[in-house]
Amino acid sequence: MDATNQGGHEGEDRHAALLNNAAAIRAVCSAVEGTLGPKGLDTMLVGGHGDVLITNDGVTILEKMDVSHPAARLLVQVARSQQSEIGDGTTTATVLAGAMVAEGTTQVIKGVPVAKVVAGIEEGMRIAAGYLTSIAYPIKGLDDPMLYQIAYIAGREHADLAELVLEGARLIGSDRLMDERFRFQDAVTALDKGDNEVYPGLFLTRKPAAGFFDREEASGTGVLILMDALEPEKPADEALATEAGFREYTASKERFRGELERLSELGIGLIAADRGVDAEAEQFCADRGIMVLPRLPR
């Protein structure tokens, strides 16, 4: 009897760390599993200062949680990776990972070697991925009716949101959407108390150059996009040190001033440059109500 109890205690001690990790994983899963699927419930999060956030987005819930346990942090990282690569399915990924950890823990406690458990999980993942591939429905284009059904379910059965998603997707185009570096969610901006609407244009988060603050002063509606800097050509430092080089630089600045005047005559109201803007050009544009956005990423 004593030997049996002693063996049981040794087993518990041997698996103490495993059980602790599994419990942490389970606690995190329980916080998001209720939001799973189109019929999932919202979760109310209360911050340390009493601020309230109501959401059903798995990755948002996980990122707002004060997670300190190492194993739980790994699970949060699973959700972040899913969000980064796909942009959806974070709750599903979290719950699946938690289920695999729970089942793996059960098998290890029963005496199955850890290597066998890991191999079994990997084989199960391979079979599941193969099955999903076999039943996958190929989307034939942005007018495929299945796209609306997907957006409708992902949007918690809000028909207006599904229509907006499809409208935005058509504006962006198939080629851009298929680019692995592009994330559709980055083109969506959420504003409090705003109307649901798709704008056929660009949303720029850059502040205009110094000197332009009143958008009502815009002098024109033309837009100039520069894949360069808005500044005069400057010779090399060695050439600038010579008299001829200095004369050339002075002439270049005069030509540049003339080109700025030409921009004003053309009715340019916005200049977007992917590099810097000369200080004199900034002042010139500010005086004439031309908005300048420097260093925009391509």
Q: Please list, ordered by first then second residue, the pairs with beta carbon atoms under 9 Å, 6 or more apart or interchain, first in segment 267-281 and loosely packed, with under 15 Cβ neighbours inside 10 Å, second hydroxyl-bearing (Ser, Thr, Tyr).
A: Gly267/Ser219; Gly267/Thr221
Q) Does segment 77-93 contain at least one residue that is surrounded by fewer than 13 Cβ atoms within 10 Å (Cβ to Cβ) and either of a type in the set (Asp, Glu) or at pLDDT 95 or above (or both)? A) yes
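Yes or no, residue by residue, for (1) under 27 Å from Phe182 (Cβ atoms); (2) of a type in the set (A, V, I, L, M, F, W, C):
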| site | (1), (2) |
| --- | --- |
| Leu74 | no, yes |
| Gln83 | yes, no |
| Val101 | no, yes |
| Thr106 | no, no |
| Lys110 | no, no |
| Pro113 | no, no |
Q: Select, from Val46, Val117, the only residue that is more than 30 Å from His158 (Cα to Cα) and of a type in the set (Val, Ile, Thr).
A: Val117
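Conditions tested, residue by residue: (1) at pLDDT below 95; (2) part of a helix (DSSP H, G or I); (3) farther than 27 Å from Leu75 by Cα.
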| residue | (1), (2), (3) |
| --- | --- |
| Met125 | yes, yes, no |
| Tyr131 | no, yes, no |
| Tyr137 | yes, no, yes |
| Gly141 | yes, no, yes |
| Met146 | yes, yes, yes |
| Ile153 | yes, yes, no |
(Q) Here are the criteria: (1) more than 19 Å from the chain's Cα centre (by Cα); (2) closer than 20 Å to Ala23 by Cα; (3) of a type outside the set (A, V, I, L, M); (4) part of a helix (DSSP H, G or I). Tell me which single one Lys116 does not satisfy. (A) (2)
Q.
Name the single residue that is modelled with the highest pLDDT among those in segment 1-34 being β-branched (Val, Ile, Thr) and closer than 16 Å to Ala97 by Cα.
A. Ile25
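In segment 249-259, is there at least one residue being at pLDDT 80 or above and among the aromatic types (Phe, Trp, Tyr)? Break it down into steps so the answer makes sense when it comes.
As a first pass, look at segment 249-259 and keep what is at pLDDT 80 or above: 249-259.
Now drop any that are not among the aromatic types (Phe, Trp, Tyr), which leaves 249, 256.
Among the residues of segment 249-259, at least one is at pLDDT 80 or above and among the aromatic types (Phe, Trp, Tyr), which makes the answer yes.
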Q) Which one of the conditions (1) in a helix (DSSP H, G or I); (2) touching a residue at least 60 places away in the same chain (Cβ under 8 Å); (3) within 19 Å of the chain's Cα centre (by Cα) does Val108 fail to meet, given that it meets all the rest? A) (3)
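The values are calculated or read from the model by the stated rules, or taken from the named source; none is laboratory data. From a predicted model like this one, the values you see are computed outputs, not experimental measurements. In this analysis, Cβ positions are derived from the backbone assuming ideal geometry, glycine residues included, and neighbour counts consider all displayed protein chains.
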